[in-house]
Amino acid sequence: MQQSSVLVYGDFQDSLDALIRMHSICHTGDIFGSKRCDCGYQLKTSMKMISSHGSGAIFYLANHEGRGIGLFSKAMAYILQEEGLDTVEANLELGFVDDSRSYEDAIDVLKFLRDKPVTLISNNPKKYNALKEAGLNIAGRMPLWGDVSEFNEKYLETKVVRSGHIRGEIFNEQ
Ligand SMILES: [Zn+2]
């Protein structure tokens with residue numbers, strides 16, 4: 001049984017604006033530094049962004065490995081990707097939906113910890129909209145791209161082309 005956790009920095013309850021990151025667990029990227037994805041880079045960079053901002057929180061989400069398919073199936077999906085499938089096609093080929101991640105528990109915890117506005121560190125408009133639809137007080141979204149290499153080029157491209165991620169500027173609700 002995996003456990004999610006929250007890493008809180010600064011005065012998360014009362015600061016005027018706090019940065020948050022909803023980070024899906026990634027054994028291969030976060031722990032072993034795999035360059036097939038950008039998770040490790042995103043985790044470390046969002047920690048730096050939060051500390052220089054002054055307050056924020058990282059929600060480290062269990063059961064989100066490989067967009068929810070688990071570590072074993074993610075390894076199977078990597079084999080299919082070696083054969084030319086992209087991330088989305090590989091998950092579908094294995095009989096999964098492309099993305100089965102749920103943010104409900106994290107949203108409940110966030111509501112408990114803070115009701116002032118938060119800015120979401122993410123390139124994923126679906127994640128952003130899920131938080132907004134859940135009634136969270138969202139001030140905007142801050143993109144996080146980097147660490148592009150020959151190993152994750154296609155993975156990142158798939159995020160843009162197939163999953164609607166935005167290579168964009170800071171976005172504010174106002
Ligand atoms: Zn990853």
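The values are calculated or read from the model by the stated rules, or taken from the named source; none is laboratory data. As the structure is a prediction and not an experimental result, all values here were calculated from the model. Positions of Cβ are generated from backbone atoms using ideal geometry, with glycine treated the same way; all protein chains shown enter the neighbour counts. Protein only, heavy atoms only, side chains kept; ligands, DNA and RNA dropped before computing areas. Shrake-Rupley method; radii C 1.70, N 1.55, O 1.52, S 1.80 Å.
Summary of computed values
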read-out	value
All positions within the stretch 124-168 that are under 14 Å from the mean Cα position of the chain (by Cα), more than 28 Å from GLY33 (Cβ to Cβ) and among the hydrophobic types (A, V, I, L, M, F, W, C)	ALA130, LEU131
Odd one out for LEU85 among (1) open to solvent by 40 Å² or more (accessible area, probe 1.4 Å); (2) under 23 Å from PRO143 (Cα atoms)	(2)
Hits in the stretch 31-74 (condition: open to solvent by less than 20 Å² (accessible area, probe 1.4 Å), over 20 Å from LYS159 (Cβ atoms) and part of a helix (DSSP H, G or I))	ILE50
Sole exception among (1) part of a loop (DSSP other than H, G, I, E, B); (2) surrounded by 14 or more Cβ atoms within 10 Å (Cβ to Cβ) for GLN13, by number	(2)
Considering residues of the stretch 27-52 that are touching a residue at least 40 places away in the same chain (Cβ under 8 Å) and either more than 14 Å from the ligand (Cβ to nearest atom) or at positive phi (or both) only, the residue nearest to the chain's Cα centre (by Cα)	MET47
Close pairs (6 angstrom Cβ cut-off, 6 or more residues apart or separate chains): free of Cβ contacts under 8 Å to residues at least 60 places away in the same chain in the stretch 1-24, aliphatic (A, V, I, L, M) anywhere	GLN3/ALA62; LEU7/ILE58; TYR9/ILE50; HIS23/LEU43; HIS23/ILE58
Matching residues in the stretch 88-130 - criterion: being in a helix (DSSP H, G or I) and in contact (Cβ under 8 Å) with a residue 40 or more places away in the chain	VAL88, ASP105, ALA106, VAL109, LEU110, LEU113, PRO125, LYS127
When residues of the stretch 1-10 are limited to those that are in a loop (DSSP other than H, G, I, E, B) and open to solvent by 60 Å² or more (accessible area, probe 1.4 Å), the one nearest to GLY140 (Cα to Cα)	SER4
